[in-house]
Amino acid sequence: MHSTASILHADLDAFYASVEQLLQPALRGKPIAVGGGVVLAASYEARAFGVKSGMSGRAARELCPELIFTGGHFSEYERLGDAAIDVLASFTPDIERISIDEAFADVSGCEALFGSPEEIARKVRRRVRDKLGLPISIGVARTKHLAKIASQVAKPDGLVLVDPATELMFLHDLPVDLMWGVGPATKAKLAARGIETIGELAHASPQAMERVLGKAVGRKLTQLAWNRDPRAIQTDRRAISAGAQSALGKRPATETVFAPVLQHLADRIARRLRAKDRLARTVTVRVRFADMSSVSRAITLPAPICSTAALTEIAIDLVRGLLADHPDERTISLLAISASHLGLEPCPQLELPFALADDGRRPGTKKGRLRERADRALDAIRERFGQEAVGYASGALGGLRSVPDAFRELAEKEL
DNA sequence: TCTGGGGTCCTAGGACCC
DNA sequence: TCTGGGGTCCTAGGACCC
């Protein structure tokens, strides 16, 4: 790790909402929410009323009667997010992108060319403001963890540089839940022991922390509380799983309900896998019931898959078994599929037959190959004529999709 | 405020092997 | 009759992040 503060954490402020206020000047300075049925993003003016992303539109309106809802310019989010990261990348290639609106950069060694880390941060902020019209907050510190905290403290539209000489004074006064990895559950466990600041966590017994929070979390948080963060910037991170889910409201737990939804979810995932020549060996399904409790089932296959049909059948099998184990649950509110154990090899096109049952789940078998070909043909048609041109069970879902596909895609990680 | 969607990592227990 | 210990893979659930 460096002894100087050369890690930047840059984070666009209320990104989707800021883009809408940029594109629609009438919305500037007003409480706005992107979305309708559900709040996908809220402006700072709306957040002041307690409006948060994920909230139902109705709940948000109750908190803030003058809230303005707007549709999203999803392709603009992608363009502007990329452009902001490009500004950062014009100073250093050592960048780790966390999401559409957030990235780390290590600018050690850039001093001669561009000035101190603080000067670089100022330039980035000015350039993003001047060229793109968007507010971006930046934290500068010696470690990733502290830079991230600094950018949170800097928000909105600010810059915070943490001097290594006084970093613990800065860190230890802050509340524990500003730390990466401290959410509601951990915060409550710590509060129960009288720990509310990062300094109090730092001075607690490490053994006690490991007992209360678990070995890994206890150890990690103790280290981070002393700003001992060994993580370097990771420039190319690929996803280790790909999933899709859909909230259903309240629907009966019957096959006529879950099968078409699972087929749609499986198709979304399998298409992404094929597009990147990836294969999955483990399939996990999750069912959430009416009371919001959820249960999962997983299976690891002897050979990996990427066909929509195979993924669909396996998911349906798993959900059938899961529901059979929960006969009292008659209502489901969400279905999810996740594919993991991702291999890199492309789906075989004409390969050797695997010595396995010809159930279509093995890409190397005859049936598997036919499915694979049919899928690729559909993928090609979608590529040319749009995602809705042909598809599995597209009609069966009706008005189910509460969130537009374009919004889902923004959250997808590179496979 | 009855709660979207895409991800990552950790834990604990069981199966199985040597 | 009782029974060690380490390693790896798998499953289910929980917590967290953006």
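Data overview
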| item | result |
| --- | --- |
| Qualifying positions in the stretch A:186-230 - within 11 Å of DNA strand C (Cβ to nearest atom), of a type in the set (Gly, Ala, Ser) and either touching a strand residue (DSSP E or B) at 6+ places or on another chain (Cβ under 7 Å) or within 21 Å of A:Lys148 (Cα to Cα) (or both) | A:Ala216 |
| Subset of the stretch A:170-217 [among the small types (Gly, Ala, Ser), within 16 Å of DNA strand B (Cβ to nearest atom) and not in a helix (DSSP H, G or I)] | A:Gly181, A:Gly183, A:Gly214 |
| Conditions (1) crowded, with 18+ Cβ neighbours inside 10 Å; (2) more than 16 Å from DNA strand C (Cβ to nearest atom); (3) modelled with pLDDT under 95: number failed by A:Phe91 | (3) |
| Number of positions in the stretch A:276-292 that are touching an Asp or Glu at 6+ places or on another chain (Cβ under 7 Å) and within 13 Å of DNA strand B (Cβ to nearest atom) | 1 |
| Counted residues, the stretch A:14-31 - those being buried (at least 19 other Cβ atoms within 10 Å of the Cβ) and closer than 23 Å to A:Lys131 by Cβ | 8 |
| Residue in the stretch A:78-88 that is at pLDDT 95 or above and part of a loop (DSSP other than H, G, I, E, B) present | no |
| Condition broken by A:Ala83, with the remaining ones in (1) under 30 Å from A:Arg142 (Cβ atoms); (2) crowded, with 19+ Cβ neighbours inside 10 Å; (3) of a type outside the set (D, E, K, R) satisfied | (2) |
| Any hit, the stretch A:293-305, residues being in a loop (DSSP other than H, G, I, E, B) and either in contact with a strand residue (DSSP E or B) (Cβ under 6 Å, 6 or more places away or on another chain) or more than 9 Å from DNA strand C (Cβ to nearest atom) (or both) | no |
| Number of the exception - A:Glu313 against (1) free of Cβ contacts under 8 Å to residues at least 12 places away in the same chain; (2) more than 13 Å from DNA strand C (Cβ to nearest atom); (3) among the acidic types (Asp, Glu) | (1) |
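The values are calculated or read from the model by the stated rules, or taken from the named source; none is laboratory data. Note that the structure is predicted; figures quoted are calculated from it, not measured. With ideal geometry, Cβ positions are generated from the backbone for all residues, glycine too; neighbour counts draw on all protein chains shown.
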